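Undergrad: One structure follows; several queries about it will come next.
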Amino acid sequence: MKHPYARGLAAVLVASCALLAVAGCSENGNPVDFNAGGPGSASTPVKPVDQDTRMPSGPKSEFRITRTLDDGTHIARTTLKGAKSGVTGSVWVWAPKEYQDPKYAKSGFPVLMALPGGLGSPQDKDGVTNYWVGGDIKLQENLTKWTAAGKSLPFIVVMPMLNPDTRYHDGSDIPGQQKMGTWLTDDVVDLVKANFRTFHSRDGWAFMGSSSGGFASLKSVLKYPEKFKAAIASGPDIVPDSPMWAGHQKEKDANNPEKLAASLLKKGGPDVYIAFQAGSKEGAGVLNPIRRFREKYGKGPIHTTFQVIPGGRHNAWDYQKGMETSSIKFISDQLKAPIPSDS
């Protein structure tokens, strides 16, 4: 069951940029260096504040601004040619204002991988994009607000392409298709480690996604709990359902959250934290599979919550209401915050 509800956002985003020059559209296309030659860059190496902090390893990617927030922070895009997957596509990244604060210059930051629903519409000139970058949805502005309120950690938000074409790849390596699972969980991660101060441990890595992006988020954490600790899964598919799985049952099972959860329960860990969300108006087809999953698998090392958003429907705006109410705090409480230092 797929819900490409945001395919019509392309015109909205273009119009938003044209009308909101004050928000930084005039900077669009300019290169940006998130480390800007400061502490932790190759030119001024420093000793990390703790052993878990990982300084940028390179190679340095070229990021170009796609949107600037009122606080001066940037969302920027790069083209990633995945060394492990062979997939080439767009990745957008936003670093919060805390990332430039000198007191955190020796510390890693937690990473939130934000995945879209549908096919990831709208499209840019290089292919399918990720609607979490848009100024109409305002994910980054909301995270800034939630961080100030103590509800959220100051996440580096990474927004990769989810599908390389107009088919659903389920965030997986479907035989005979592009290796989108490897792209998401290896190549994009390596890109972030190469360019940003992060954490070595899984305590600094989480997913957030809606609909098909919620499925990919849920599946990735359950499949690789040694790499990722938490996820917000909003209105997710619970089992893989791409038509491209036909004839590949073994591989499909290896990417089925139910089977992955059963295996994790059998192993007894490591612990993962899943914040499910759905709108009250989404209906039984969305709500009941989540409830069944929690009843059967939400125990032992699999810690879950379920935020039913009053009046909520299947869209990114309503899902952010659930994030503000409880879900962003639930995962933030399980992850590592940047560590301040005096010098």
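Undergrad: Consider residue 194 carefully, then state whether it is closer than 22 Å to residue 60 by Cβ, out of contact with any His (no Cβ under 9 Å at 6 or more places or on another chain) and surrounded by fewer than 20 Cβ atoms within 10 Å (Cβ to Cβ). Please lay out each step first, then the result.
TA: Values: closer than 22 Å to residue 60 by Cβ: yes; out of contact with any His (no Cβ under 9 Å at 6 or more places or on another chain): yes; surrounded by fewer than 20 Cβ atoms within 10 Å (Cβ to Cβ): yes.
So residue 194 fits the description; yes.
Undergrad: Among the listed residues 167, 202, which satisfies the condition of being of a type in the set (Lys, Arg), under 27 Å from residue 139 (Cα atoms) and modelled with pLDDT under 95?
TA: Details: 202 fails: modelled with pLDDT under 95.
Of the residues listed, the single one that is of a type in the set (Lys, Arg), under 27 Å from residue 139 (Cα atoms) and modelled with pLDDT under 95 is 167.
Undergrad: Report, ordered by the first and then the second residue, all pairs with beta carbons closer than 6 Å, sequence separation of six or more or different chains, a first member in segment 308-330 that is over 22 Å from residue 150 (Cα atoms), and a second member that is in a helix (DSSP H, G or I).
TA: Partner pairs satisfying both residue conditions: 312/318.
Undergrad: Which of (1) within 30 Å of residue 45 (Cβ to Cβ); (2) under 15 Å from the mean Cα position of the chain (by Cα) is the odd one out, the single condition residue 161 does not satisfy?
TA: Among (1) within 30 Å of residue 45 (Cβ to Cβ); (2) under 15 Å from the mean Cα position of the chain (by Cα), the lone unmet condition for residue 161 is (1).
Undergrad: Still on this structure, please answer the following. If you check residue 65 against the conditions, is it modelled with pLDDT of 95 or more, assigned to a strand (DSSP E or B) and more than 30 Å from residue 242 (Cβ to Cβ)?
TA: yes
Undergrad: Let me ask you something else. Residue 121 versus (1) at pLDDT 95 or above; (2) part of a loop (DSSP other than H, G, I, E, B); (3) among the polar types (S, T, N, Q); (4) under 18 Å from the mean Cα position of the chain (by Cα): which is the lone unmet condition?
TA: For residue 121, the exception is condition (1).
Undergrad: Continuing with this model, one more query. Any residue at all in segment 146-153 that is assigned to a loop (DSSP other than H, G, I, E, B), within 14 Å of the chain's Cα centre (by Cα) and without any contact (Cβ under 8 Å) to a residue 40 or more places away in the chain?
TA: no
Undergrad: Give the residues of segment 213-234 that are in contact with a Pro (Cβ under 8 Å, 6 or more places away or on another chain) and either in a helix (DSSP H, G or I) or over 16 Å from residue 202 (Cβ atoms) (or both), sorted by residue number.
TA: 213, 214, 215, 217, 218, 219, 222
Undergrad: Taking the options 250, 259, 219, 193, name whichever one is of a type in the set (Lys, Arg), at pLDDT 95 or above, on the phi < 0 side of the Ramachandran plot and in contact with a strand residue (DSSP E or B) (Cβ under 7 Å, 6 or more places away or on another chain). Explain how you work it out, then say what you get.
TA: Details: 250 fails: in contact with a strand residue (DSSP E or B) (Cβ under 7 Å, 6 or more places away or on another chain); 259 fails: in contact with a strand residue (DSSP E or B) (Cβ under 7 Å, 6 or more places away or on another chain); 219 fails: in contact with a strand residue (DSSP E or B) (Cβ under 7 Å, 6 or more places away or on another chain).
Every option except 193 fails the conditions.
The values are calculated or read from the model by the stated rules, or taken from the named source; none is laboratory data. No experiment lies behind these values; they were computed from the predicted model shown. Note that we place each Cβ from the backbone using ideal geometry, even for glycine, and neighbour counts take in every protein chain shown.
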